[in-house]
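As structure tokens, the structure follows; a few thoughts come after it.
The values are calculated or read from the model by the stated rules, or taken from the named source; none is laboratory data. Since the model is a prediction, treat every value here as computed from it, not as a measurement. Cβ: placed from backbone, ideal geometry, glycine included. Neighbour counts: every protein chain shown.
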Amino acid sequence: MKYLDEYRDGDVAKKIVGEMRRIQTRPWILMEVCGGQTHSIVKHGIDHLLPEGVELVHGPGCPVCVTPLEMIDKAHAIAQQRDVIFCSFGDMLRVPGSDGDLFTIKSRGGDVRVVYSPLDCLKIARANPAKQVVFFAIGFETTAPANAMLAWRAREEQIENVSLLVSHVLVPPALEAILSSPDNRVQGFLGPGHVCAVMGYREYDPISARYHVPIVVTGFEPIDILHGTLMTLQQLEQGRAVVENQYSRVLGPDGNVPAQNLVRRVFVVGDRKWRGIGTIPMSGFHLRDEFAQHDAEKLFDVAEIATLEPEICISGEILRGIKKPHDCPAFGTLCTPQRPLGATMVSAEGACAAYYAYGRHLKPESLHQIAAQAPANGVAAHG
Amino acid sequence: MASPRISARDEEQPLEEKPSPAVFGSCPLPIFDHPQIVLGHGSGGKLTADLIDHIFLPAFRNPILDKLDDQAVLTIGGARLAFTTDSFVVTPIFFPGGDIGRLAVHGTVNDLAMSGARPLYLSAAFILEEGLAVDDLRRVVESMRAAAAEAGVEFVTGDTKVVNRGKGDQVFITTTGIGVIENGVHISADRARPGDQIILSGFIGDHGMAIMSQREGLEFEGAIASDCASLHGLVANMLATSTADGVDFIHCLRDPTRGGAATTLNEIAKRAGVGMLLREQSIPVRESVKGACEVLGLDPLYVANEGKLVAVVAPEMAHAVLAQMHQHPLGQDAVIVGEVIAEHPGMVLMKTAIGGTRVLDVMFGEQLPRIC
């Protein structure tokens, strides 16, 4: 398929990896920021093509994974109310809250719908004037413009029965949180291609300079990821640390300015809690006061719900690149996509779920572990 | 789809045991046991298998059912009969390339054909929703008549029920079928052995994406039509591959419907206790289907087919069978996509286009579009 096959070409991949081998003089640890990149790496087996000593650790950029449990519970509390049509991106449906997932709520009679575009909610709201249509507005900067457009148009077109449950997070504060941690191992970043398609990449210059770390804005196809890795290695080997753009076929330094303007008019930056990491100051979007009548958190009297994550789960360390899924004693045994214990196992883009789905054959001992433990605790790979 | 789908579970593992709550202390995360039926239980993936393991098998267990093939094989008075049943609840009931009636014939004929049987007779049971247009019913029934005539089978018994408006969705159809199996043909999911070649009869994902594009109101350039077709003719062609060793060279046949090719191959791998290694580049996917899947964030390997089969064939016969398949209109695009291996029993691996390897897992529930 044109524009796709070129970026999945085995011969090109070999050449890029050969060049990595030629220039590499020592081990390096890089982090791909986006969940989409993690998914692609494991789906195409890219990490096992890399030269020894070039390690990719997986970043916090899976929006489904980092949405805090409290927010999921809030979503579920709203979705089960009568007279609510709860709309969501598809992969949020399976994310477990404290009591089941959105599929469970649907099976109990909740009206839960998957939408491909937030703007579909306008259509649904017009067709169901007696119902409140609530959209679960999650994601990074990538989904912010479309989500902002929903709030904007709902207000402009005076569609009163549309609201947004907002849980939006931002990439740059997360990178700073990782880099400023005393445990940090990351020496270079494959930057978030689609986030930068919206925001541009100038806001990464100060981060790169302050922490002396290369950031290469990278796409999502296998060749993109290999090329971004090579560009990062080149900088590291040459002792440089700047922001570069591998994904130039899609974006430039300034991003999509009209989209940014819309986002600024609808959202305001504030603190956000990240599942597995905790609260990061000024790391997310909230609806501005002008949009209060479309803010589901204000419309629905849903109490704050206190939740606890299981102690065994190391997803916080995985999201910060300190550990990998195989380092977790619960991986593939107590914790599977069917019975996720933590953030990184819940979405297909989460590092643990991606390893589980595509890469668990690579560590036979973990499979033996599954087999050995199954009769004792009854938890097998299938849940 | 007929008899219960194969379990993704290892036979030895106890069903009822759950992780002790003490392991997690006050863990707030749910243990996934769904007190209610969710849509994923009907997806043909892991949740469906769970339902079979936990509810149906314990109640109905017997040696014939335990084989968990797409059909039961019965020996009655010296004759070997294939017997299967299947329900159809597709929406919309009319879609590009077919409709619910045509599907109800092909689905059951195919489940019989996957045992190597010659399909003979069908039954049809209709659940009609109050308010259904009689013209729509007529159209569905006419297409069942035509599909049955093409397949050389006859409807010999049936039933009709009507439910209140809102208690059904236009029309649900259940078809049951029987057929005869020639002597010497022994096709079952547990017969795959290392070295066997894996053949796909053509492009995957057409049916699922045809339905999806209608359902989501997404219109793709170059409309995708369902592949729904009766496969017994193709199977007969394959069995007619000439050989000195009888007809025992086709070890497994499956039609990869719900859950797609990946789920079907996993079922075979688990049943037979073997591994599988596929080559991504050899798996045939139409450009239109590939594009639609990319847009929607779906994987064609998990998308339903209604006129394709997966065959596991003895290595020495694989090319002859393939040549024979190419002679049949429904097998023109057949290819060898991989082989059965002894390593990684119960798992399906795939060599990716760029040279990596990954696991192809069973689909869990519904395939969901990813956010980015």
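What about A:Asn261, is it closer than 24 Å to A:Glu349 by Cβ and modelled with pLDDT of 95 or more?
no
State yes or no: is B:Ala149 more than 30 Å from B:Gly297 (Cβ to Cβ), at pLDDT 95 or above, within 17 Å of the chain's Cα centre (by Cα) and aliphatic (A, V, I, L, M)?
Working: more than 30 Å from B:Gly297 (Cβ to Cβ): yes; at pLDDT 95 or above: yes; within 17 Å of the chain's Cα centre (by Cα): no; aliphatic (A, V, I, L, M): yes.
Against the criterion (more than 30 Å from B:Gly297 (Cβ to Cβ), at pLDDT 95 or above, within 17 Å of the chain's Cα centre (by Cα) and aliphatic (A, V, I, L, M)), B:Ala149 does not qualify.
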### Task
Scan B:Pro92, B:Pro58, B:Pro96 and give me the residue that is more than 14 Å from chain A (Cβ to nearest Cβ), modelled with pLDDT of 90 or more and surrounded by fewer than 18 Cβ atoms within 10 Å (Cβ to Cβ).
B:Pro58
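Here's the yes/no breakdown for (1) within 26 Å of A:Met71 (Cα to Cα); (2) buried (at least 24 other Cβ atoms within 10 Å of the Cβ); (3) of a type in the set (Val, Ile, Thr):
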| residue | (1), (2), (3) |
| --- | --- |
| A:Ala137 | yes, yes, no |
| A:Arg153 | yes, no, no |
| A:Asn161 | yes, no, no |
| A:His168 | yes, yes, no |
| A:Ala177 | yes, no, no |
| A:Asp183 | no, no, no |
### Considering residues of the stretch A:298-328 that are surrounded by fewer than 18 Cβ atoms within 10 Å (Cβ to Cβ) and within 11 Å of another protein chain (Cβ to nearest Cβ) only, the residue farthest from A:Ser181 (Cα to Cα)
A:Ile305
#### Entry: Filter result for the condition that a residue is touching a Cys at 6+ places or on another chain (Cβ under 6 Å) and either under 20 Å from A:Pro206 (Cβ atoms) or hydroxyl-bearing (Ser, Thr, Tyr) (or both), over A:Leu251, A:Leu236
A:Leu251
### Task
Go through the stretch B:114-143 and give me each residue that's surrounded by fewer than 19 Cβ atoms within 10 Å (Cβ to Cβ), touching a residue at least 24 places away in the same chain (Cβ under 8 Å) and part of a helix (DSSP H, G or I).
B:Asp136, B:Leu137, B:Arg139, B:Val141, B:Glu142
## Note on the structure
A:Ala144 passes all but one of the listed conditions (1) at the interface with another protein chain (Cβ under 9 Å from one of its Cβ atoms); (2) touching a residue at least 40 places away in the same chain (Cβ under 8 Å); the exception is number (1)
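Please enumerate the residues belonging to the stretch A:84-113 that are within 18 Å of the chain's Cα centre (by Cα) and facing chain B (nearest Cβ under 7 Å). Break it down stepwise before answering.
Looking only at the stretch A:84-113, we keep the residues that are within 18 Å of the chain's Cα centre (by Cα), and these are A:88-97.
Passing the criteria: A:Phe89, A:Gly90, A:Asp91, A:Leu93, A:Arg94, A:Pro96.
Grab the helices (runs of 4 or more DSSP H) fully contained in the stretch A:184-253, keeping just those with 1 or more residues being more than 21 Å from A:Pro60 (Cα to Cα) and charged (D, E, K, R). Give the derivation first.
Values: elements: A:193-199, A:205-211, A:222-238.
Here the list reads A:222-238.
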### Query
Does at least one position in the stretch A:288-311 carry a residue that is in contact (Cβ under 8 Å) with a residue 12 or more places away in the chain, in the same structural domain as A:Thr38 (by TED's automatic domain parsing) and part of a strand (DSSP E or B)?
yes
### Query
So B:Val340 clears everything in (1) in contact with an Asp or Glu (Cβ under 7 Å, 6 or more places away or on another chain); (2) in a loop (DSSP other than H, G, I, E, B) except one condition, right? Which one?
(2)
### Task
Scan the stretch A:22-31 and give yes if some residue there is in a helix (DSSP H, G or I) and more than 10 Å from chain B (Cβ to nearest Cβ), otherwise no.
yes
